[in-house]
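Working notes, structure below.
The values are calculated or read from the model by the stated rules, or taken from the named source; none is laboratory data. All values derive from a computational prediction rather than experimental measurement. For neighbour counting, all protein chains shown are included, and Cβ atoms are generated from backbone atoms with ideal geometry for every residue, glycine included.
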């Protein structure tokens, strides 16, 4: 998950025009819980993390520029620079004139075991329908979807888009909170405040090295007997603790967690970026 503070951003992120067939396909692979897609940026092909919790296209620091951006990650703030990409090709999708941030992605290279060229935000496909099919390992981008296709899903959530990041609102212990829906997180993270407010939550005694673009932090593991968000209840869930203060400050919302998309479904998820809905 990567968020750029707009106070330090002189770019407007003009996303340009998408070129696509009636339904365009972007294959992906799962590596250590992350969705990896292949894309060509200005003629250079490489592997990118597909991250619905990122608000900008991120390129590795082999691209140079002044460090004029403050970038918020799950473990704090870091500095980056900016440039404009002339052309991006992702599967069957082409996009021109995309503004991007540049930062050091060495930690992600080391974690994944290959050269990560960048991070691709889910909202790059806005305002279209984006279906993530975990079974066929395929992202389908389309400008129309039938009511029949929508009706195959059991749940429908209203989402909010803050700086192009998908958020879902919930009430935990009678308090209005927000969770980031994030394909760029390998697991689900909750704030300690939220964990402690859930009856029966227990520390397992285990911990995990949480890797972000900024560095590595140790996160404690907790067992959650049950958590309900809107009409969806998950039981016997293991989550990791995350300090969400930096994210809350950057986004101006009470962020209390980052939800990995597989928290919602291990098969299919549909984002409707026109109406700000997610189906699963």
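Yes or no, residue by residue, for (1) at pLDDT below 85; (2) touching a strand residue (DSSP E or B) at 6+ places or on another chain (Cβ under 8 Å):
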| site | (1), (2) |
| --- | --- |
| 62 | yes, no |
| 70 | yes, yes |
| 73 | yes, yes |
| 77 | yes, yes |
| 111 | no, yes |
| 116 | no, yes |
Qualifying positions in region 177-219 - assigned to a strand (DSSP E or B) and under 16 Å from residue 259 (Cα atoms): 177, 178, 179, 180, 181, 182, 189, 190, 210, 211, 219
Is it true that some residue in region 241-248 is more than 17 Å from the chain's Cα centre (by Cα), in a strand (DSSP E or B) and within 28 Å of residue 108 (Cα to Cα)? yes
Given the conditions (1) closer than 26 Å to residue 49 by Cα; (2) touching a helix residue (DSSP H, G or I) at 6+ places or on another chain (Cβ under 9 Å), every one holds for residue 221 apart from (2)
Quick check, is residue 224 within 20 Å of residue 111 (Cβ to Cβ) and either part of a loop (DSSP other than H, G, I, E, B) or touching a strand residue (DSSP E or B) at 6+ places or on another chain (Cβ under 8 Å) (or both)? no
Applying the selection to region 90-124, what residues are in contact with a helix residue (DSSP H, G or I) (Cβ under 8 Å, 6 or more places away or on another chain) and part of a loop (DSSP other than H, G, I, E, B)? 115
For residue 19, state whether it is farther than 17 Å from residue 251 by Cα, surrounded by fewer than 19 Cβ atoms within 10 Å (Cβ to Cβ) and at pLDDT 65 or above. no
Within the bounds of region 154-162, is there any residue that is in contact with a helix residue (DSSP H, G or I) (Cβ under 9 Å, 6 or more places away or on another chain), more than 30 Å from residue 61 (Cα to Cα) and modelled with pLDDT under 85? no
